[in-house]
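The numbers here are math on the coordinates, done by the rules we state, and not lab data. Given the structure is predicted, the values throughout are model-derived calculations rather than measurements. Here the Cβ is made from the backbone with ideal geometry for all residues, glycine too, and neighbour counts use every protein chain on show.
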Amino acid sequence: MGKRRRVAERRKTTPAVVGGVIAVVVVGAGIGAYAMYGGGSAADDGKQTAAGHGEAEKKTGPLSAAEVRTTAEGFLAAWQQGKPAVAAAATSDTAAATTLLTDYAKNAHLKDVTLTAGTAAGGKVPFSVKATVSYKGLTKPLTYDSALTVVRRGADGKPVVDWHSSVVHPELKDGDALVTGEAGTPPVKALDRDGDEMTTAKYPSLGPVLDGLREKYGETAGGSAGVELRVIRGKASKKAELSDKTLVELSKGKPGTVKTTLSPSLQAAAEKEVSKTERASVVVMRPSTGEILAVANSNHGFNIAFQGSLAPGSTMKVITSSLLFEKKLASANKPHPCPKTFTYGGWKFQNDKKFEIKGGTFKASFARSCNTAFISQAPKLKNSDLTQQAQQVFGLALDNWAVGVPTFDGAVPVQSAAPMGASLIGQGGVRMNPLNMASVASTVKAGVFHQPYLVSPSVDNRKLATASRTMSASTLSQLREVMQYTAAYGTAAEAMAGLGPDYGAKTGSAEVDNQKKANGWFTAYRGDLAAAGVVQAGGHGGDTAGPIVASLLKAGS
């Protein structure tokens, strides 16, 4: 009789989905918590010993639909009921989950939480969240979508929610926090170069840029803070230069004003261009000054254009060419080897489709993007040569740019053997983003490095980065010649058609592990404009990033 009663009680407290909403009837706190994790069925599934106690077997193999459903429902039910410790016990990281779920009510001041589970796909369960942000008499609704993934715990095979902070809110990275209160940083009103306000409604790509401007200038731009629900970044996110983010504004603060260098017409054109292609990013700047005129990304959550860290492929050959010219290892119009393959450091390098150029000049090799023309010179270079060229002439990879918002300034590490050879063609350890490569084209056009900037240094008297030396007149002349030839007759010709004669360009394709298509790159200048773009997994740069860049160079003329 006692056994039947306990089973019945457990059944009363088993989570149920009513109209997609997690609903739990709790008879007793201890029994309810037990039932959420399938206590009744777990006891029945265990081996019975002579003493009559259950001895659970470690489960292995793929999760069943019932295990996924029961685990997800139990977790969501406990969270919805405001029982963070119970919900956290159903995750792979009880401590981290307890902290964040406790803070959800305590520090984020979220109440009346309703969680609606969607249809599971394997172990992944999407769900929607409806809640109310309530702080000192101020309230606002909050709705968003998230997802959790159920996995089998290694220690005992029990199904649990694979814990990451993004389960609680998709904007959260591990180590971040949700906080509602008076925002420590006042809001800012960001203006374009003509003095008009820029918003994400008008320019969707600018979300991360506006967040960065607030973080940098909020305290000094003359505004006052309001009350907001915000994502406060933790150590890992700060290291990745992610800015705090406002999710809900309960009361408006008084914004300060920050003027930027962005061109409204070019920014609108850039937004339009990247919207046509998935995973596209682009930057436009002015070579004579360093002013950034436009920045846009297809995906609006992370600013790949400024903060991306990607192998730049053959666009890196602009920097490498300048090095070879200075070292007298190449000359634009003199014969230069371009074999089908070249082995260096134990790696066999080849050209696209193993083409070769017999009796051709270096200019021809550059225009056709011959990899072996560059790798063949690796034995004659020091391991540090390319790093020094990038830093001293092009102002890259010194982590000292002061753009006005967070940026990644490129990486060209000193390498040896095969990785050093690969770095000459933009692979190996070399990492760049469109801002970096737009700056490279700008340096060629201007003849000297001007650090890109989004906010004039006169606003806060910050010091811009400088290069320690410039290219010789001969090197600069040859570099412009090979880039102009590439724009007119080489791999960039189709994209750059009709934009000459004061122009130059370089295409690139960067191979990425476990990615079927390469990342397509393109960097170019025309008149007093320079631009660079990347289309991740797009293939050849001339076909993907090229039309985006060329369109903006034309629009800005």
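Give segment 365-385 a look and list any residue that's of a type outside the set (S, T, N, Q), assigned to a helix (DSSP H, G or I), out of contact with any helix residue (DSSP H, G or I) (no Cβ under 6 Å at 6 or more places or on another chain) and free of Cβ contacts under 8 Å to residues at least 60 places away in the same chain, or say none.
Hits for segment 365-385 are 379, 380.
Given the criterion crowded, with 17+ Cβ neighbours inside 10 Å, of a type in the set (Ser, Thr, Tyr) and part of a helix (DSSP H, G or I), identify the matching residue among 98, 116.
Being crowded, with 17+ Cβ neighbours inside 10 Å, of a type in the set (Ser, Thr, Tyr) and part of a helix (DSSP H, G or I) holds for just one of 98, 116, which is 98.
Taking segment 393-418, which residues are charged (D, E, K, R) and surrounded by fewer than 17 Cβ atoms within 10 Å (Cβ to Cβ)?
If the condition is that a residue be charged (D, E, K, R) and surrounded by fewer than 17 Cβ atoms within 10 Å (Cβ to Cβ), then 399 is the only one that fits.
Which one of 128, 92 is more than 20 Å from residue 182 (Cα to Cα) and touching a residue at least 60 places away in the same chain (Cβ under 8 Å)?
Only one candidate qualifies: 92.
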